[in-house]
1. Which one of these does residue 100 not meet: (1) more than 30 Å from residue 34 (Cα to Cα); (2) modelled with pLDDT under 90; (3) not in a loop (DSSP other than H, G, I, E, B)?
2. Determine, yes or no, whether residue 119 is modelled with pLDDT under 90, more than 16 Å from the chain's Cα centre (by Cα) and either surrounded by fewer than 16 Cβ atoms within 10 Å (Cβ to Cβ) or not assigned by TED's automatic domain parsing to the domain that holds residue 32 (or both).
3. Which condition breaks for residue 165 when tested against (1) farther than 10 Å from residue 107 by Cα; (2) assigned by TED's automatic domain parsing to the domain that holds residue 107; (3) in contact (Cβ under 8 Å) with a residue 60 or more places away in the chain; (4) buried (at least 20 other Cβ atoms within 10 Å of the Cβ)?
Ligand SMILES: Nc1ncnc2c1ncn2[C@@H]1O[C@H](COP(=O)(O)OP(=O)(O)OP(=O)(O)O)[C@@H](O)[C@H]1O
Ligand SMILES: [Mg+2]
């Protein structure tokens, strides 16, 4: 696949970290004492059986949920008490926040609209599309990055499911996140689109951090540098894929609950 600018890998360093992250829903502890270090220029997978607490961890990191305990640091700043819109402006962006693809707009217009948002939360009034022409060069660059050049002028509604998800990723990248959180980006996709999205993630992670929840373990094995395994809200294992996949406790946790 062609990428607009072939980025070279930058040096890894911790950009997002959690210490003792804990979330109770009433008496139920959905996330317990989770420590996490997410690095620049790395793809980090968060995996685990259904109900392990993966999405809750994402909601805590993006501050959509306030933690019951523990702390979160983004780019050296403690964000434990920072509101979600500010966290998004600081560069921590979760894909679903801006995943609204407008079906009756073209691929290009969807990306241009995304480019003029100040953050992922789209609270401002939008400008008329005609005033967005200055964004064309950057929009075309993003469209090329995700391989949607041929569909540039197609209506989003006419794209296949997989291509729509790719367009969502392009609108997320329009915010130029420093840390990108993806919750099951390949869910429901066919093999070909999975390959495309894997390539996009690998490419965009050369210049930013990616933390992704993914059930497809061959994708995790293929593109993730680091894997954290959650079970019942706690970290069960972590390391590279080869290490965690050999771990007997991980094998047991996955037995009978693996989806793919
Ligand atoms: N708002 C809530 N109130 C009460 N319980 C919740 C809430 N959100 C999540 N939970 C519970 O917390 C646990 C973890 O849920 P979570 O959605 O984080 O799991 P997950 O690892 O993302 O699962 P899946 O793989 O199915 O997406 C589950 O038992 C869930 O029922
Ligand atoms: Mg989930």
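The values are calculated or read from the model by the stated rules, or taken from the named source; none is laboratory data. On a predicted model such as this, the values are computed, not experimentally measured, just so you know. Here the Cβ is made from the backbone with ideal geometry for all residues, glycine too, and neighbour counts use every protein chain on show.
1. Looking at each condition in turn, residue 100 falls short on (3).
2. Details: modelled with pLDDT under 90: yes; more than 16 Å from the chain's Cα centre (by Cα): no; either surrounded by fewer than 16 Cβ atoms within 10 Å (Cβ to Cβ) or not assigned by TED's automatic domain parsing to the domain that holds residue 32 (or both): yes.
It is false that residue 119 is modelled with pLDDT under 90, more than 16 Å from the chain's Cα centre (by Cα) and either surrounded by fewer than 16 Cβ atoms within 10 Å (Cβ to Cβ) or not assigned by TED's automatic domain parsing to the domain that holds residue 32 (or both).
3. Residue 165 satisfies every listed condition except (3).
Here is a yes/no grid of residues against (1) more than 16 Å from ligand 1 (Cβ to nearest atom); (2) crowded, with 23+ Cβ neighbours inside 10 Å; (3) more than 18 Å from residue 232 (Cβ to Cβ); (4) within 18 Å of the chain's Cα centre (by Cα):
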| position | (1), (2), (3), (4) |
| --- | --- |
| 10 | yes, no, yes, no |
| 15 | yes, no, yes, yes |
| 24 | no, no, no, no |
| 32 | no, no, no, no |
| 38 | yes, yes, yes, yes |
| 46 | no, yes, no, yes |
| 62 | no, no, yes, yes |
